[in-house]
Amino acid sequence: MPSYAIIGGSRGIGLEFVRQLALNEENTVFVTVRNKDKSTHLRATVAQLPHKNVRILQADVVDKQAIKNAATELGRLSGGGLDILIYNAARLEFDNLLRGPGDYDNDEELDEEFIQSFKVNVLGPIHIVNNFLPLLRKGSAKKIIILGSEGGERSFVQHVHISGLGAYGVTKAAEHMVATKYAVALENEGFTVVSVSPGFVDVSGTNSEPLSEGDASKFNDLVVQHFAAFPNAGTLLTPEQAVKRLLLDINNIGPAESGTFRPYPEFDTNKR
Ligand SMILES: NC(=O)c1ccc[n+]([C@@H]2O[C@H](COP(=O)([O-])OP(=O)(O)OC[C@H]3O[C@@H](n4cnc5c(N)ncnc54)[C@H](OP(=O)(O)O)[C@@H]3O)[C@@H](O)[C@H]2O)c1
């Protein structure tokens, strides 16, 4: 009876992890959200699931006490163990997401966005892993999966010519290193720690609020630029397609893959 914790599963890809995993009655799915009351997409999805195997916990990943409380609560509910942890949360605030390091109106705004992104995308997984590790040590799978992005990989950024996505790309690069550090630290305990990319996924169906016309147009430009660099890559994935592939991969990988970043195969610039 495998147990999973999805960290940051209120919407988008995290929500789809919850939905697909919960369809298997054998699984127990714990999902953390930063605000239970505002997680309307998650609550609506869980209400329609056929089994009662999802437990919703609250933890903003920048709130260390909330993380401790969520880990304690999960341990109480699970009897002390956890098999697979999936860190999905990321700072993706559209106001700043597309800006490059040179695109800010003033130094304070730049610093604020980079610091907040570092807290969610780098310190977030570190505090989560530190607090959930005692539970994972008692689990049978010993897998820690961090949702990474090609936006944090140098060869990809150069190939697609992305000068924007500054705070996101810089902190995603650091997040990949977080996975590698834990892979090394936990090597002798049989853990598998990887960062994985879902591909380019259309999560607009569960956005917290619709994009403005201007932002939608800028996002569309990014999509066009992206797929022009990978003419054979098809188009945006649905969350369902992306998570289906990721779950197969997560199921198949083991300690031999630990420490790696696993790109979406069509965007693997090392194979070009
Ligand atoms: N979509 C893509 O094409 C794509 C591509 C490559 C990698 N990824 C990665 O995939 C993961 C999911 O992305 P997505 O596209 O599904 O994004 P999304 O729809 O914007 O969802 C982001 C999730 O992160 C949560 N979150 C943000 N800040 C948080 C915080 N401080 N504490 C707890 N949760 C927090 C959000 O919760 P709230 O509802 O509370 O805001 C939401 O559940 C991210 O790690 C992203 O970098 C996505």
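The values are calculated or read from the model by the stated rules, or taken from the named source; none is laboratory data. Bear in mind that the values here come from a model prediction, so they are computed numbers and not experimental data. Positions of Cβ are backbone-derived with ideal geometry, glycine not excepted, and every protein chain shown enters the neighbour counts.
Are there helices (runs of 4 or more DSSP H) fully within segment 157-272 with at least 1 residues that are crowded, with 20+ Cβ neighbours inside 10 Å, out of contact with any strand residue (DSSP E or B) (no Cβ under 9 Å at 6 or more places or on another chain) and charged (D, E, K, R)? List them. Don't jump to the end; show me each part of the working.
Details: elements: 166-185, 213-229, 239-252.
Result: empty, no element qualifies.
The rows are residues; the columns are (1) buried (at least 23 other Cβ atoms within 10 Å of the Cβ); (2) closer than 13 Å to residue 168 by Cα; (3) in contact with a helix residue (DSSP H, G or I) (Cβ under 6 Å, 6 or more places away or on another chain).
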site: 109; (1), (2), (3): no, no, no
site: 116; (1), (2), (3): no, yes, no
site: 122; (1), (2), (3): no, yes, yes
site: 135; (1), (2), (3): no, no, yes
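In segment 96-140, which residues are touching a Lys or Arg at 6+ places or on another chain (Cβ under 6 Å) and in a loop (DSSP other than H, G, I, E, B)?
98 - this is the single residue of segment 96-140 that is touching a Lys or Arg at 6+ places or on another chain (Cβ under 6 Å) and in a loop (DSSP other than H, G, I, E, B).
Restrict the check to segment 206-228 and report whether at least one residue is within 14 Å of the ligand (Cβ to nearest atom), in contact with a Pro (Cβ under 6 Å, 6 or more places away or on another chain), among the polar types (S, T, N, Q) and touching a residue at least 60 places away in the same chain (Cβ under 8 Å).
No, that holds for no residue.
For residue 163, are the conditions met, namely being at pLDDT 95 or above and of a type in the set (Ser, Thr, Tyr)?
No.
Find all pairs meeting these conditions: Cβ atoms under 8 angstrom apart; at least six residues apart or on different chains; first residue within segment 65-90 and basic (Lys, Arg); second residue within 16 Å of the ligand (Cβ to nearest atom).
Final answer for the pair search is 68/131.
Filter segment 189-222 down to the residues that are at pLDDT below 95 and touching a Phe, Trp or Tyr at 6+ places or on another chain (Cβ under 7 Å) and list them by number.
Across segment 189-222, the qualifying residues are 211, 215.
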